[in-house]
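A.B. asks: The structure is given below, and queries will be raised subsequently.
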Amino acid sequence: MSCVSGSRTSSRTFEFGRTYVVRPKGKHQATIVWLHGLGDKGSSWAQLLETLPLTNIKWICPTAPSRPVALFGGFPCTAWFDVGEISEEGPDDLEGLDASAAHVANLLSTEPADIQVGVGGFSMGAATALYSATCRTLGQYGNGNPYQVNLSAVVGLSGWLPCSRTLRSRMERSYDAVRRAASLPILLCHGSADDVVAHNHGEKSAQALNSVGFRNLVFRTYNGMGHYTIPEETREVCTWLTTKLGLEGS
């Protein structure tokens with residue numbers, strides 16, 4: 001599936017890979033798009049999500065486009081956006097972020113009206129999920145096009161917040177954005193021993209979101225955990241989603 005970024009200055013088209021869907025085993029109450037990390041694919045997470053005791057959630061696991069990534073010296077791999085360094089100081093690939101956030105929104109836009117929708121991810125997927133959260137709150141993508149999906153929950157594992165430097169000034173221009181931010185539930189989890197996306201980046205991202213009005217945010221640290229997930233973390237995600245989405249019988 002291809003997606004045009006919608007930028008006013010460019011019309012680069014990104015070819016997204018295969019999308020994997022995990023159907024709910026019980027009553028369908030929520031749909032969550034789950035985004036993999038750099039160099040991965042949707043099937044990896046679909047296999048894990050299939051095993052979770054969340055019978056009322058439909059999971060959609062897309063695969064990112066393959067593109068040259070500056071972090072790897074221009075070597076191509078699956079990536080939701082281009083990244084040169086994982087830090088708050090690095091330049092943001094707004095075009096890539098907008099295209100991936102739009103892809104997520106498109107996947108969720110066809111869900112029934114009575115179904116709650118959310119987005120989550122791991123590492124770069126978590127970064128894209130958080131970017132989607134800011135688009136939802138601001139009501140628009142970075143390029144100014146309207147963002148029209150009403151997210152009910154956002155989960156980020158071992159990730160960071162793109163475009164954090166400009167978020168405050170954009171939020172301050174809109175009372176509606178501050179109101180939406182206060183009501184959007186976000187769960188961020190990070191390992192203290194993460195050697196890929198430092199724990200400090202996750203913590204700073206949580207602080208940046210909280211400081212501009214994202215009050216319904218939980219940041220969890222897992223001592224000794226590296227750049228991966230553990231059963232304790234996945235149990236926390238399940239409990240949090242069940243509570244925030246009001247799921248039955250999960």
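A.B. asks: Among the residues of the range 83-122, count how many are without any contact (Cβ under 8 Å) to a residue 60 or more places away in the chain and of a type in the set (Val, Ile, Thr).
C.D. replies: 2
A.B. asks: Give SER43, SER66, SER87 a once-over and let me know the one that is among the polar types (S, T, N, Q) and over 28 Å from GLU233 (Cα atoms).
C.D. replies: Sole residue among the options that is among the polar types (S, T, N, Q) and over 28 Å from GLU233 (Cα atoms): SER66.
A.B. asks: Based on this model, can you work out whether LEU130 counts as in a helix (DSSP H, G or I), under 18 Å from SER158 (Cβ atoms) and modelled with pLDDT under 95?
C.D. replies: no
A.B. asks: Return the residues of the range 193-223 that are farther than 19 Å from LEU151 by Cβ, open to solvent by 60 Å² or more (accessible area, probe 1.4 Å) and part of a loop (DSSP other than H, G, I, E, B); say none if nothing qualifies.
C.D. replies: Scanning the range 193-223 gives ASP195, VAL196, ASN223.
A.B. asks: Right, another one. For the range 80-110, give me the residue count where each residue is surrounded by 21 or more Cβ atoms within 10 Å (Cβ to Cβ) and of a type in the set (S, T, N, Q).
C.D. replies: Counting residues in the range 80-110 that are surrounded by 21 or more Cβ atoms within 10 Å (Cβ to Cβ) and of a type in the set (S, T, N, Q) gives 1.
A.B. asks: Show the residue pairs meeting these rules: Cβ distance below 8 Å; 6+ apart or different chains; first residue within the range 216-244 and touching a residue at least 60 places away in the same chain (Cβ under 8 Å); second residue open to solvent by 50 Å² or more (accessible area, probe 1.4 Å) and assigned to a helix (DSSP H, G or I).
C.D. replies: Short answer, once both residue conditions are applied: THR229/LEU48; THR234/LEU48.
A.B. asks: If a residue counts only when it is within 17 Å of PHE122 (Cα to Cα), out of contact with any helix residue (DSSP H, G or I) (no Cβ under 7 Å at 6 or more places or on another chain) and modelled with pLDDT of 95 or more, which strands (runs of 3 or more DSSP E) contained entirely in the range 24-109 have at least 2 such residues? Spell out how you get there, then give the answer.
C.D. replies: Numbers: elements: 30-35, 57-61, 66-69, 75-78.
Filter on the range 24-109 gives 75-78.
A.B. asks: Among THR242, THR234, which is the only one that is open to solvent by less than 70 Å² (accessible area, probe 1.4 Å), under 20 Å from SER123 (Cβ atoms), at pLDDT 95 or above and hydroxyl-bearing (Ser, Thr, Tyr)?
C.D. replies: Details: THR242 fails: under 20 Å from SER123 (Cβ atoms).
Of the residues listed, the single one that is open to solvent by less than 70 Å² (accessible area, probe 1.4 Å), under 20 Å from SER123 (Cβ atoms), at pLDDT 95 or above and hydroxyl-bearing (Ser, Thr, Tyr) is THR234.
A.B. asks: Among (1) part of a loop (DSSP other than H, G, I, E, B); (2) at pLDDT below 95; (3) touching a helix residue (DSSP H, G or I) at 6+ places or on another chain (Cβ under 9 Å), there is one condition GLY144 misses while meeting the rest; what is its number?
C.D. replies: (3)
A.B. asks: Exactly one condition in (1) of a type in the set (A, V, I, L, M, F, W, C); (2) surrounded by fewer than 23 Cβ atoms within 10 Å (Cβ to Cβ); (3) within 12 Å of the chain's Cα centre (by Cα) is false for ALA177; which is it?
C.D. replies: (3)
The values are calculated or read from the model by the stated rules, or taken from the named source; none is laboratory data. From a predicted model like this one, the values you see are computed outputs, not experimental measurements. Heads up, the Cβs are rebuilt from the backbone with ideal geometry, glycines too, and the neighbour counts pull from every protein chain shown. These accessible areas exclude ligands, DNA and RNA; they are computed on the full protein's heavy atoms, side chains included. Shrake-Rupley method; radii C 1.70, N 1.55, O 1.52, S 1.80 Å.
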